[in-house]
Amino acid sequence: MSVEEAKKELLSNLEKELTHETGKMIKEIEDQAKVEADKKSRKIISLAIQRYSADHTVETTTSFVPLPNEDMKGRIIGREGRNIRTFEMLTGVDLIVDDTPEAVIISGFDPIRREIARLSLEKLITDGRIQPARIEEIIEKTKVIVNNIVNFNITSPPNIQFTRYIRYNLI
């Protein structure tokens, strides 16, 4: 083998090795870029979900109950907070009595408990007798009615007879 042939073979081997090493480096950089892109995309998606879920959670975990006047807030709270504590304990929801004009907000994750609380509070407001014993009585009646409604497995909007059933049994 001559010197020229040896040089050519050496250059050929170096060129192959360099091509192979360059390919490996490019693949490593691409893999690293994919990992970084995946991390960033997951972070962006999680932030978007958090922002959306906060709005959605507020909408789906609260109910609004209008009050006839501001004095009703004091009656709902009761002396030393007895009425509101009794109501919250029996229904398993939180009553938010704040600066919202002529309204009380019911907050809870369980929609059935929230509906029991909403119907009970509306009945108590209509009745006007808001005291721990009456609260307990109304909530127990409402629980029976709502459980009957849930057990009917109604999927369509309620008809007139069904609405009358609710009103008759709640009042």
* To do: State yes or no: is Glu36 part of a helix (DSSP H, G or I), surrounded by 13 or more Cβ atoms within 10 Å (Cβ to Cβ) and either in contact with a helix residue (DSSP H, G or I) (Cβ under 9 Å, 6 or more places away or on another chain) or without any contact (Cβ under 8 Å) to a residue 40 or more places away in the chain (or both)?
  => no
* To do: Give the residue, chosen from Phe152, Phe162, that is under 23 Å from Thr60 (Cβ atoms), among the aromatic types (Phe, Trp, Tyr), modelled with pLDDT under 90 and out of contact with any Leu (no Cβ under 7 Å at 6 or more places or on another chain).
  => Phe152
* Asked: So which of Asn69, Asn83 ends up being closer than 29 Å to Thr100 by Cα, loosely packed, with under 10 Cβ neighbours inside 10 Å and of a type in the set (S, T, N, Q)?
  -> Asn69
* Asked: Which residues, taken from the stretch 88-109, are within 15 Å of Ile138 (Cα to Cα), in contact with an Asp or Glu (Cβ under 9 Å, 6 or more places away or on another chain) and surrounded by 15 or more Cβ atoms within 10 Å (Cβ to Cβ)?
  -> Glu88, Leu90
* Within the stretch 40-62, identify whether any single residue is touching an Asp or Glu at 6+ places or on another chain (Cβ under 8 Å) and not in a loop (DSSP other than H, G, I, E, B), and answer yes or no. => no
* Asked: Does any residue of the stretch 44-52 turn out to be touching a helix residue (DSSP H, G or I) at 6+ places or on another chain (Cβ under 6 Å) and without any contact (Cβ under 8 Å) to a residue 60 or more places away in the chain?
  -> no
* Asked: Which of the residues that make up the stretch 1-18 are of a type outside the set (A, V, I, L, M, F, W, C) and surrounded by 10 or more Cβ atoms within 10 Å (Cβ to Cβ)?
  -> Lys7, Lys8, Glu9, Ser12, Asn13, Glu15, Lys16, Glu17
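The values are calculated or read from the model by the stated rules, or taken from the named source; none is laboratory data. Here the structure is a predicted model, which means the values were calculated and not measured. Because the Cβ atoms are built from the backbone with ideal geometry, glycine has one as well, and the counts that use them run over all protein chains shown.
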